[in-house]
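Participant: To start, I am sharing the structure in question, which I have written as structure tokens.
The values are calculated or read from the model by the stated rules, or taken from the named source; none is laboratory data. Small disclaimer: the values here were computed from a predicted structure and weren't measured. Every residue, glycine among them, receives a Cβ derived from its backbone with ideal geometry; neighbour counts consider all protein chains shown. Note: accessible area is taken over every heavy atom of the protein model, side chains too, but ligands, DNA and RNA are not part of it. Shrake-Rupley method; radii C 1.70, N 1.55, O 1.52, S 1.80 Å.
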Amino acid sequence: MESSRDNHIKLQMRERESDYTNLQPYRIFCGTWNVNGQQASEAINEWLCPAEDSEPPDIYAIGFQELDLSKNAYIFSESVREEDWYKRIKEALHPKAKYKKVVKLVRLVGMMLVVFIRKGLELEIYDVMSGTVGTGIMGVMGNKGGVAVRFGLRDSTLCFVNSHLAAHTVEFERPHTDFKDINSRMLFGNRTISDHELVPCFFFFFSSENSLLFCSIVIWLGDLNYRLSDIDNDACKKLISDGRLQELMKYDQLVRQISQKNVFLDYLEGKISFIPTYKYDPGTDTWDTSEKCRTPAWCDRILWRGSNVGQLCYRSHMACKLSDHKPVSSIFESGIKVIDRAKQRQVYEDVMKQLDKWENEFLPQVEVSTMEIKFKDIKFIEQKKEILVVSNTGQVPVQFEFIPKPSDTNFCEPWLSVEPSKAVISVGAKCEVHLSVYVNKDTGPSLNSGKARIEDILVLHLDGGKDLFITVSGNYIPSSFSSSIETLVRMFKPVTDVETGSLIEIVSASTSLQHLILTIDQASSPNPSEDPPLDIPKEIWRLVDHLYKYGMEQDELFRQPGLHSEIQLIRDCLDQGKPRLLPGSVHSVAEALLLFLEVLPEPVVPYEHYDLCLHVCDNFTQAKQVLQRLPTSHRNVFKYICAFLRELLKHSASNFLDARFLGELHLNGHQSSRTAHQTRADHRSSLLCDAF
Amino acid sequence: MAAGPYNYSYIFKYIIIGDMGVGKSCLLHQFTEKKFMADCPHTIGVEFGTRIIEVAGQKIKLQIWDTAGQERFRAVTRSYYRGAAGALMVYDITTFIVRSTYNHLSSWLTDARNLTNPNTVIFLIGNKSDLEAQRDVTYEEAKQFADENGLMFLECSAKTGENVEEAFLDTAKKIYQNIQDGSLDLNAAESGVQHKPTTPRNTLSNDQPQSKDGCAC
């Protein structure tokens with residue numbers, strides 16, 4: 001993300017370069033001469049500073065080929081010729097200006113390149129590097145190849161290449177190969193590779209930004225060794241003497257190859273208005289008279305690549321006679337980039353601003369079908385579902401996740417479940433999130449008592465973006481299930497009616513269980529707390545009474561499960577107090593009774609008495625004493641259930657129940673977490689049952 | 001290519017807090033998009049915005065969390081205060097209808113103080129300064145409140161953009177100053193600042209950005 005941001009800024013800045021870049025003209029003199037190994041025996045002012053050049057150049061780039069043809073030149077980096085020619089060059093620079101060398105020189109065997117810059121301008125150059133590539137013997141030796149100097153000037157990078165490419169008329173493919181080699185292998189290190197290091201230059205690869213390709217201006221000069229094809233010597237010389245140079249140019253291999261895009265792609269060459277610079281009898285202007293009698297050719301050339309480069313002149317210098325080549329020179333006026341820092345800064349700020357805008361636009365965005373989810377009439381153990389639709393309305397894929405609030409470990413309340421809690425949504429797509437509320441024995445008590453409410457705020461977090469708060473709310477219909485015995489015995493009317501405030505008389509029912517006399521008073525006062533509490537919760541009575549009436553003979557009673565839907569109806573019936581007859585099968589009623597006991601917030605035998613009860617379960621007298629310590633209503637329920645169980649056992653012939661099973665069932669139902677004590681618990685239950 | 005360093009060297013986390021409807025989201029929008037968002041819906045959640053700014057020649061990325069102002073979300077939004085380097089506490093200059101709003105500001109301030117680190121820069125913003133005719137809070141009394149509590153203070157308009165840039169930048173300058181003078185420990189947990197050292201460049205071109213518009217504090 002960050003690096004792509006950087007790349008984008010770079011690209012934008014490059015594209016808008018002209019908005020903040022000015023061009024400053026610099027005059028660049030380039031010269032090339034194949035000196036054929038001759039000593040520096042004559043002045044070279046005619047070449048480097050001819051009389052017509054009134055204005056001194058800012059930069060000199062001077063290339064020699066065949067500077068030293070001695071065997072020593074291959075072996076030693078020092079060369080006497082080098083020093084001699086260097087002195088000659090210094091003497092010949094334009095007298096109207098003072099020059100400093102950019103690099104002393106770079107030389108590979110016979111190829112030497114010297115670059116000078118006008119005094120005062122040296123402060124504007126930086127990152128000076130040089131490199132050499134040998135393409136001669138074995139493809140690496142320095143008898144052929146190229147040397148180059150590269151440097152930054154203001155905000156441009158300049159590169160000068162001096163090369164001596166392979167020769168021969170019949171083999172004009174060779175120079176191309178050499179050209180490509182130099183191009184690909186010319187990588188600039190921070191040091192000059194000495195000529196006797198026979199190591200291919202690509203070992204000195206530092207970074208691709210250092211290759212020739214990345215210079216804003218490249219000037220390529222040298223003895224490129226392209227000849228004239230398809231023309232014989234006499235015809236050639238005739239055209240020259242007739243001054244029909246443009247006609248002769250059609251036979252030039254380099255011109256042909258460039259037009260066929262085989263070589264020097266993107267390079268330009270100025271119009272040649274000078275006669276071929278090769279081959280002369282040394283010391284004269286006479287065409288080669290040796291045995292070989294070479295056809296004249298424009299071997300020595302200067303080409304360039306890059307924008308804002310204008311060629312002022314392109315010429316040869318006939319006055320320099322000591323070699324079989326004539327020197328060539330060209331003066332360029334080239335626009336060097338100078339960045340206006342203030343303008344650049346402005347453009348940069350613009351680019352950044354645009355990018356900031358995009359970054360914000362590319363933040364993940366979603367729309368949700370609702371910010372508030374309301375569940376209606378939630379009942380105990382009855383699942384309610386709602387759907388939240390999350391739509392990706394942004395421009396990037398979104399990963400969302402419900403995250404916990406700081407004080408919580410879970411992202412939602414225990415009565416709520418959310419599926420999925422995290423997902424990835426592609427651009428334009430939607431995701432359905434299913435929310436369901438289910439109140440069970442863990443969450444029921446506090447909701448029944450009003451201590452807790454169906455209220456939650458979900459934090460829907462978008463990865464790398466904003467958070468949305470989804471409010472979940474609902475009304476819970478209190479139930480007798482999961483209410484405490486103490487509450488229930490003080491509730492004289494059905495639970496659902498309590499909140500409405502209306503009073504409904506609860507008819508005291510004559511107990512069918514004659515061992516217990518239940519005196520359920522009729523509620524007559526609007527303030528139930530002033531009335532004496534019921535002996536046992538009426539709901540337990542109704543469930544037991546129903547079983548007593550309709551289930552005593554039922555085979556598999558308590559062994560066969562009831563139906564969940566019927567249990568919900570039974571719950572409603574108990575909570576609403578109507579209809580009088582409990583719905584569903586006796587199995588459902590039996591399970592409802594077990595459930596009722598199981599979800600009591602405080603079990604029939606309260607937690608605090610539990611250990612003691614286990615302790616005394618083998619001793620009938622002590623057990624009776626402990627029983628007396630239970631709260632009245634709990635004791636009543638206990639006695640009532642036990643009485644009921646005993647009644648059930650009387651019918652064991654038909655319902656096939658035994659004391660052990662019932663003991664397990666009833667006493668573990670609401671103490672299921674204490675299974676370790678199961679054996680002793682059911683032992684106790686049998687004992688207690690026997691006691692009655 | 002010699003341009004300034006492209007990457008940012010710091011990330012500052014900001015939170016925007018304050019009552020519902022005072023214009024927190026509009027301030028964020030004005031700062032990140034330079035546009036006024038009319039008919040901005042109530043934020044139900046926490047919006048997120050980012051912008052890169054420059055202080056003393058340093059590029060700083062601001063990550064801004066704009067919190068829901070509704071009271072019922074207060075408990076949840078408190079969790080976003082942690083690790084904030086800057087807290088922009090916004091009120092509406094036109095709705096000081098009940099003078100007890102001072103208490104309201106105090107309660108936001110208490111939250112900000114309790115839930116952030118001691119060096120978190122708290123900036124009081126009186127928004128809607130364009131509605132001069134409906135002004136109900138004088139500059140002076142708000143300034144006094146800010147001074148008494150050691151807060152930075154500006155009146156802004158998310159609508160016209162007046163002082164919006166300044167409020168966000170001045171906060172950053174103050175944070176940067178705290179870093180420079182060592183009062184904000186970058187290594188401390190939840191400083192709200194991440195330092196991202198940029199790799200040094202090896203070109204000797206004029207790479208350093210001119211810092212004339214730098215830290216004025």
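To keep it simple, each residue is scored yes or no on (1) touching a Pro at 6+ places or on another chain (Cβ under 6 Å); (2) within 30 Å of A:ASP155 (Cα to Cα).
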{"position": "A:ASP324", "(1), (2)": "yes, no"}
{"position": "A:SER330", "(1), (2)": "no, yes"}
{"position": "A:ILE381", "(1), (2)": "no, no"}
{"position": "A:ASN392", "(1), (2)": "no, no"}
{"position": "A:PRO397", "(1), (2)": "no, no"}
{"position": "A:PHE400", "(1), (2)": "no, no"}
{"position": "A:PRO404", "(1), (2)": "no, no"}
{"position": "A:GLU413", "(1), (2)": "no, no"}
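Matching residues to (1) among the β-branched types (Val, Ile, Thr); (2) open to solvent by less than 50 Å² (accessible area, probe 1.4 Å); (3) over 21 Å from A:THR487 (Cα atoms); (4) at pLDDT 90 or above:
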{"residue": "A:TYR548", "(1), (2), (3), (4)": "no, no, yes, no"}
{"residue": "A:MET552", "(1), (2), (3), (4)": "no, yes, yes, no"}
{"residue": "A:PRO561", "(1), (2), (3), (4)": "no, no, yes, no"}
{"residue": "A:CYS573", "(1), (2), (3), (4)": "no, yes, no, yes"}
{"residue": "A:ARG580", "(1), (2), (3), (4)": "no, no, yes, no"}
{"residue": "A:HIS587", "(1), (2), (3), (4)": "no, yes, yes, yes"}
{"residue": "A:ALA592", "(1), (2), (3), (4)": "no, yes, no, yes"}
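Participant: Another one. Determine if segment A:632-641 includes at least one residue that is at pLDDT 80 or above, closer than 24 Å to A:GLU553 by Cα and among the aromatic types (Phe, Trp, Tyr).
Facilitator: yes
Participant: Working only within segment A:374-408, note down all residues that are in a loop (DSSP other than H, G, I, E, B) and either of a type in the set (A, V, I, L, M, F, W, C) or more than 13 Å from chain B (Cβ to nearest Cβ) (or both).
Facilitator: A:LYS379, A:ILE381, A:GLU382, A:GLN383, A:THR393, A:GLN395, A:VAL396, A:PRO397, listed by residue number.
Participant: Given the options B:GLN30, B:GLN58, B:GLN63, name the one that is surrounded by 22 or more Cβ atoms within 10 Å (Cβ to Cβ), of a type in the set (S, T, N, Q) and more than 9 Å from chain A (Cβ to nearest Cβ).
Facilitator: B:GLN30
Participant: Let me ask something else. State all residues of segment A:113-138 that are over 48 Å from the mean Cα position of the chain (by Cα) and at pLDDT below 85; if no residue qualifies, say none.
Facilitator: A:GLY136, A:ILE137, A:MET138
Participant: If A:SER480 satisfies all but one of (1) open to solvent by 10 Å² or more (accessible area, probe 1.4 Å); (2) polar (S, T, N, Q); (3) touching a residue at least 24 places away in the same chain (Cβ under 8 Å), what's the number of the condition it fails?
Facilitator: So the condition that A:SER480 fails would be (1).
Participant: Which one of A:VAL35, A:VAL80 is more than 21 Å from A:LEU153 (Cα to Cα), modelled with pLDDT of 90 or more and of a type in the set (A, V, I, L, M, F, W, C)?
Facilitator: A:VAL35
Participant: Yes or no: A:LYS90 of a type in the set (Lys, Arg), in contact (Cβ under 8 Å) with a residue 12 or more places away in the chain and open to solvent by 80 Å² or more (accessible area, probe 1.4 Å)?
Facilitator: no
Participant: Every residue in segment A:155-174 that is assigned to a helix (DSSP H, G or I) and either modelled with pLDDT of 70 or more or of a type in the set (Lys, Arg) (or both), please.
Facilitator: If the condition is that a residue be assigned to a helix (DSSP H, G or I) and either modelled with pLDDT of 70 or more or of a type in the set (Lys, Arg) (or both), then A:ARG174 is the only one that fits.
Participant: Could you please let me know if B:THR43 is within 11 Å of chain A (Cβ to nearest Cβ), in a loop (DSSP other than H, G, I, E, B) and more than 15 Å from the chain's Cα centre (by Cα)?
Facilitator: yes
Participant: Which one of these is in a loop (DSSP other than H, G, I, E, B), over 30 Å from A:ASP340 (Cβ atoms) and at the interface with chain A (Cβ under 9 Å from one of its Cβ atoms): B:ARG78, B:ARG72, B:ARG82?
Facilitator: B:ARG82
Participant: Looking only at segment A:83-112, filter to residues that are of a type outside the set (Gly, Ala, Ser) and farther than 20 Å from A:ASN45 by Cβ; which one of those is farthest from the other protein chains (Cβ to nearest Cβ)?
Facilitator: Looking at residues that are of a type outside the set (Gly, Ala, Ser) and farther than 20 Å from A:ASN45 by Cβ, I get A:VAL109.
Participant: Return yes when A:ASP340 is touching a strand residue (DSSP E or B) at 6+ places or on another chain (Cβ under 8 Å) and without any contact (Cβ under 8 Å) to a residue 12 or more places away in the chain and no when it is not.
Facilitator: Against the criterion (touching a strand residue (DSSP E or B) at 6+ places or on another chain (Cβ under 8 Å) and without any contact (Cβ under 8 Å) to a residue 12 or more places away in the chain), A:ASP340 does not qualify.
Participant: If you go through segment A:1-48, how many residues are in a helix (DSSP H, G or I) and away from every other protein chain (no Cβ under 11 Å)?
Facilitator: Total meeting the criteria: 8.
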